[in-house]
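Presented below is the structure to which this report refers.
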Amino acid sequence: MSGEQGASMKIGIVGSGNIGGTLGRHWAGVGHQVMFSSRHPETLQPMADAVNAQTGTVEEATKFGDVILLAIPFGKVPDVAQQVGTLDGKVLIDAGNPYPQRDGAVAQQVIDDPSQTATGYVSAQFSGAKTIKAFNSIYFKVLEEQAFQSEDARIAVQVCGDDEQAKATVTQLIEEIGLAPQDIGVLADGILFEPGAPLYNKNLPISEAKAILQQLR
């Protein structure tokens, strides 16, 4: 199913760098309405113009999107959550990872807490959102160069979440850009594709990714 065949979604991109910029371009290319955002939205205008997308502030992008892609450094999550307020009913795709060397104490605390997962922490920060973890475990060059493959060659994108309808929406968005969604389970299962985990940053065809998951279970 492509974006041109299905209903067009409104997608707000929070963090329009390597991951956010690439995904936003792909989704705009298959017919979705995309708004790129950053602290300096004017710098994103050339990228937006190239794919007939919009630019805006972070607040504008979160208001605009029915789906929000969060692709920012983990250490900035609390500030952005406070900035945008409630996201009631919106699908929030968490594409981030905690790296203590970059993100400092907030990342280390989440990693050290056995009762907490990285995306569980993100979910708790964004009131009312239906949080889904995806795109945190794919290298941006792979995302850029190996999307839109035929079925057998499609690269796996791990996805997990507690809301099945929201997960189905994200699954569709993955399929539409020629990648293969790999449903890992509920949000707590995200530990299987966080940094250092067996499925993290493997960038494998779906058949090989499934084989790894089968070994883990």
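The values are calculated or read from the model by the stated rules, or taken from the named source; none is laboratory data. Here the structure is a predicted model, which means the values were calculated and not measured. Using ideal geometry, Cβ is built from the backbone for each residue, glycine included, and neighbour counts are taken over all protein chains shown. What goes into the accessible areas is simple: the full protein's heavy atoms, side chains included, and nothing from ligands, DNA or RNA. Shrake-Rupley method; radii C 1.70, N 1.55, O 1.52, S 1.80 Å.
Descriptive notes on the structure:
- Leading residue by the ranking (farthest from Asp94 (Cα to Cα)) among those in the range 42-57 that are part of a loop (DSSP other than H, G, I, E, B) and open to solvent by less than 60 Å² (accessible area, probe 1.4 Å): Val51
- Which numbered condition Gln214 fails, given (1) part of a loop (DSSP other than H, G, I, E, B); (2) closer than 26 Å to Ile111 by Cα: (1)
- Meets criteria (out of contact with any strand residue (DSSP E or B) (no Cβ under 7 Å at 6 or more places or on another chain) and open to solvent by 70 Å² or more (accessible area, probe 1.4 Å)) for Asp183: no
- Any hit, the range 97-105, residues being surrounded by fewer than 22 Cβ atoms within 10 Å (Cβ to Cβ) and either in contact (Cβ under 8 Å) with a residue 60 or more places away in the chain or under 19 Å from Lys167 (Cα atoms) (or both): yes
- Considering residues of the range 137-166 that are surrounded by 24 or more Cβ atoms within 10 Å (Cβ to Cβ) and not hydrophobic (A, V, I, L, M, F, W, C) only, the residue farthest from the chain's Cα centre (by Cα): Gly161
- Subset of the range 58-91 (residues that are within 20 Å of Ala7 (Cβ to Cβ), open to solvent by less than 30 Å² (accessible area, probe 1.4 Å) and in a loop (DSSP other than H, G, I, E, B)): Gly65
- Per the listing Thr169, Thr117, the residue uniquely among the hydroxyl-bearing types (Ser, Thr, Tyr) and within 23 Å of Thr62 (Cα to Cα) is Thr169.
- Of everything listed in (1) under 25 Å from Leu216 (Cα atoms); (2) in contact with a Phe, Trp or Tyr (Cβ under 9 Å, 6 or more places away or on another chain); (3) surrounded by 15 or more Cβ atoms within 10 Å (Cβ to Cβ), the single unmet condition for Asp113 is (3).
- When residues of the range 1-41 are limited to those that are at pLDDT 95 or above and open to solvent by 60 Å² or more (accessible area, probe 1.4 Å), the one farthest from Thr171 (Cα to Cα): Asn18
- Residue match in the range 31-50 (condition: of a type outside the set (A, V, I, L, M, F, W, C) and touching a Pro at 6+ places or on another chain (Cβ under 6 Å)): no
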